[in-house]
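Taking it in order: structure first as structure tokens, then the write-up.
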There are 2 protein chains.
Amino acid sequence: MDTKTALLESAERLARQRGFDAFSYADLSKEVGIRKASIHHHFPTKADLAAELMIRYRESFMASLDDIARTEPTAGAQLTAYFARYKAAMNGGAQVCLCVSFSVSVSSFDAPVVRQINRFHAESLAWLERLFELAQRDGSIVGVVDPAEDAQACLAVVEGAQLVARASGDLADFDAAIRTTVRRVV
Amino acid sequence: MDTKTALLESAERLARQRGFDAFSYADLSKEVGIRKASIHHHFPTKADLAAELMIRYRESFMASLDDIARTEPTAGAQLTAYFARYKAAMNGGAQVCLCVSFSVSVSSFDAPVVRQINRFHAESLAWLERLFELAQRDGSIVGVVDPAEDAQACLAVVEGAQLVARASGDLADFDAAIRTTVRRVV
DNA sequence: GTCTATAATATGATAGAC
DNA sequence: GTCTATCATATTATAGAC
């Protein structure tokens, strides 16, 4: 893995574990094994790092959602995979998704980063809305009245579930929070 | 208002707007109008401030929930008031609830503060579970199968709704996220 | 691309006068 | 209870050698 990628991986994990304002170039320096000054060659400012982190995260996450849509045949199976994707990314309760972390720190970012956060939400909602539309056709999720509203509720519940599980450090709290939604899968 | 209370109010707003690691004693100093050193008289360390912030927030929030339970006769009306309480506290999309903010920064806190965060969640869940039990009796919310599960989902959705609305700065996103739940109120 | 060295500023925190 | 003065350390960031 090249240095820049190693820095991004390290920064993403730290941001998701601690929050964006609770890690520094000094932390990255220790983890990756290059000097602080060298990090500025790859990311001149921390704002640049934030932008690249969020772009990479969004692209990677959306690619995995496309993967789910391609692999799982029913809406119910896709929803199950969607939750599993988030749960696996929580690292046992030690971190939240980058978008959750960045949403709380939104005042620390400039407009381009904020746009990326909102784009993450928008693309997630579009994917979920398509999922609930499919559910109306294939009947694999019960009680879908308005796919757009189910999508918005589903995104909120999966983000909130992470917060509760992060605070307790117990993934059982993540499962508990999504249970009423999971129960709707036939 | 005495100085200590002014400091708590200021710190709470800053923590909810920016995150706990993104405000300093210097910020408090400017807002309240006393020197940095004087703040340490009231809160020797920032950890002390965090603990007092979370205790005060939890007590105040739970008192307002008790208020809702005493005032609103039906479970449906109580749920509506619960959401309204959160929405009003978002200050037009400029901040989230202290518990959401602190949950992301959980690694910055010592055990007493983490306990307070989890106690906030536990007491919220107990209150919501009682609400959904009432709903089963008074029929003011449809589709309640397991009050504990509805409570867990409800807490997650209201926390996640804040994240989405904070990122966009638009309270319409908060309303959109809670809509499927609100629709269940008869 | 990475290093050493350094800058300018911010941080949480303490000592002691008033 | 608030102040001035100070501390040790951490922060983001830059200049210039290799």
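The values are calculated or read from the model by the stated rules, or taken from the named source; none is laboratory data. In this text, all values refer to a predicted model and were calculated from it rather than measured experimentally. For neighbour counting, all protein chains shown are included, and Cβ atoms are generated from backbone atoms with ideal geometry for every residue, glycine included. Accessible surface is based on the protein model in full, side chains and every heavy atom, while ligands, DNA and RNA are left aside. Shrake-Rupley method; radii C 1.70, N 1.55, O 1.52, S 1.80 Å.
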Carbon/sulfur accessible area of segment A:51-182, % of total, 1.4 Å probe, equals 53
At q = 0.06, 0.09, 0.10, 0.12 Å⁻¹, the log10 of I(q)/I(0) for the protein assembly as shown from a Debye sum over equal Cα scatterers comes to -0.23, -0.51, -0.63, -0.91
10 Å Cβ neighbours from other chains, averaged over peptide A:122-130 | 1
Excluding A:Ala69 itself, what net charge comes from residues whose Cβ is under 15 Å from its Cβ, given Lys and Arg +1 and Asp and Glu -1?
-> -3
Given Cβ charges of +1 for Lys and Arg and -1 for Asp and Glu, the option among A:Ala122, A:Ser60, A:Ala77 whose Cα lies farthest towards the positive end of the dipole of segment A:51-182 is A:Ser60
Considering lysine pairs in the protein assembly as shown that are 8 or more places apart or on different chains, how many have Cα atoms under 19 Å apart?
-> 10
Distances from A:Glu31 to the same residue in each other copy, label points 7 Å out along Cα→Cβ, in nm, shortest first?
-> 2.9
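Provide, as a two-decimal number, the C-alpha radius of gyration of segment B:126-186 over 2.2 N^0.38 Å, N being how many residues it has.
Against the compact-globule rule of thumb, the ratio is 1.19.
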Taking only Cα atoms, what is the 0 to 90° angle, nearest 10, from helix A:46-71's long axis to the longest principal axis of chain A?
-> 30
Copies compared at B:Glu59 - label distances in nm, ascending, label defined 7 Å from Cα in the Cβ direction | 5.1
Between B:Ile34 and A:Ile55, what is the label-to-label distance in nm when each label sits 7 Å out along the Cα-to-Cβ direction?
-> 4.7
Please provide three numbers in whole Å: the alpha-carbon extents of segment A:51-182 along the principal axes, with the largest listed first.
-> 43, 31, 25
Beyond 15 Å, what share of the Cα-Cα pairs of segment A:1-62 remains, rounded to the nearest whole percent?
-> 44
Cα centre as origin, Lys/Arg/Asp/Glu Cβ charges: segment B:47-182 dipole, Debye = 160
Cβ-defined net charge surrounding A:Val104, 12 Å radius [Lys, Arg +1; Asp, Glu -1] | +2
For segment A:20-36, Karplus couplings with θ = phi - 60° (6.51, -1.76, 1.60), whole Hz, Gly/Pro x | 5, 8, 10, 9, 10, 4, 5, 5, 4, 4, 4, 5, 8, x, 10, 6, 3
